[in-house]
1. Check whether at least one residue in the stretch 55-72 is in contact with a Phe, Trp or Tyr (Cβ under 7 Å, 6 or more places away or on another chain) and of a type outside the set (Ser, Thr, Tyr), and report yes or no.
2. Show the residue pairs meeting these rules: Cβ distance below 9 Å; 6+ apart or different chains; first residue within the stretch 40-57 and under 14 Å from Ile129 (Cα atoms); second residue among the aromatic types (Phe, Trp, Tyr) and surrounded by fewer than 17 Cβ atoms within 10 Å (Cβ to Cβ).
3. Kindly establish whether Val95 is out of contact with any Lys or Arg (no Cβ under 7 Å at 6 or more places or on another chain), of a type in the set (Val, Ile, Thr), in a strand (DSSP E or B) and closer than 25 Å to Val159 by Cβ.
4. Out of Ser63, Ser123, Ser109, Ser132, report the one residue that is surrounded by fewer than 17 Cβ atoms within 10 Å (Cβ to Cβ), more than 12 Å from the chain's Cα centre (by Cα), of a type outside the set (Val, Ile, Thr) and at pLDDT 95 or above.
5. Looking at Gln74, Gln52, which one is surrounded by 17 or more Cβ atoms within 10 Å (Cβ to Cβ) and part of a loop (DSSP other than H, G, I, E, B)?
6. Only residues in the stretch 115-128 that are among the β-branched types (Val, Ile, Thr) count as the first member; pair them with residues that are part of a loop (DSSP other than H, G, I, E, B), Cβ under 8 angstrom, at least 6 apart or cross-chain, and list the lot.
7. Tally time: how many residues in the stretch 39-60 are out of contact with any Ser or Thr (no Cβ under 8 Å at 6 or more places or on another chain) and modelled with pLDDT of 95 or more?
8. Looking only at the stretch 121-172, which residues are acidic (Asp, Glu), in contact with a Lys or Arg (Cβ under 8 Å, 6 or more places away or on another chain) and within 15 Å of Phe43 (Cβ to Cβ)?
Amino acid sequence: MTADRLLEKWQIYNRQLQCIGTRRREETLAQGEYHLVVNAFIFNAAGQVLLQQRSPDKLYFPSYWDSSVGGSVQAGETIETAMHREMLEEIGWNVSVKAADNYLLTPHSHWVSAWFVFQTAQSAPAFTIQRSELQRVAFFDRPAAHAHLHQIGFDPYTVELDRAWEHLRRNR
C-alpha cells in the first residue's frame, strides 16, 4: 500500500502564484496550473545536514535519501504553515517557520518548490519519525550527503543543499 495521500486537496496557482482553484492530488493539472511543494535542509551546529530515507512504500522514489523534510502544500496553507506541518508530521519537530527561512522558489512544469533552511541542536535519534513516510533520518557531513542525494525528480538536491548551507551561514 502506498504511503502517499492521493485524496489530499491542493490549491492550484497560475504562473504568477495567484490561487485559481483546488484539486485532489490524484487529479492531473492542466497546462499553466501549478501546486506548491516545500522542502527543507536542517543543519546541526557542526554543519552536518539531516537527511531522510523515504519509506519503501512511497509511490515515487521509494527508499531514496531525500532532503530533511518535504511535501506538498495543502489547500488553505501558506508555504510557511505547510513547512511547519511537514516538519511536525515527518520528524516531530515543532519549530516556528518564518518567511526568512525560505531562501528560494523554483518553478517547474506543474509545481513550484519552496526551499527552507533551519538549524537544530537535536541529535538524529531525538526526532520522532513518521514511519509511514520515512525509514530513518541521519546527519551527514556535506560530502557524504552529496553521495546520498542521488538526483530524484527535477530539483538539483546537491545544489540546493549547498545553497541552504550558504544561506544559513550568511544569516546566522
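The values are calculated or read from the model by the stated rules, or taken from the named source; none is laboratory data. Just so it is clear, the model here is predicted, and its values are computed rather than measured. Here the Cβ is made from the backbone with ideal geometry for all residues, glycine too, and neighbour counts use every protein chain on show.
1. No, that holds for no residue.
2. As it stands, the answer is Arg54/Tyr60; Arg54/Phe61, since those pairs meet every condition given.
3. no
4. Values: Ser63 fails: at pLDDT 95 or above; Ser109 fails: at pLDDT 95 or above; Ser132 fails: at pLDDT 95 or above.
Exactly one of Ser63, Ser123, Ser109, Ser132 is surrounded by fewer than 17 Cβ atoms within 10 Å (Cβ to Cβ), more than 12 Å from the chain's Cα centre (by Cα), of a type outside the set (Val, Ile, Thr) and at pLDDT 95 or above, namely Ser123.
5. Gln74
6. From residues that are among the β-branched types (Val, Ile, Thr), the pairs are Thr120/Asn44; Thr120/Trp93; Thr120/Val95; Thr128/Gly92.
7. Number of matching residues: 4.
8. Across the stretch 121-172, the qualifying residue is only Asp162.
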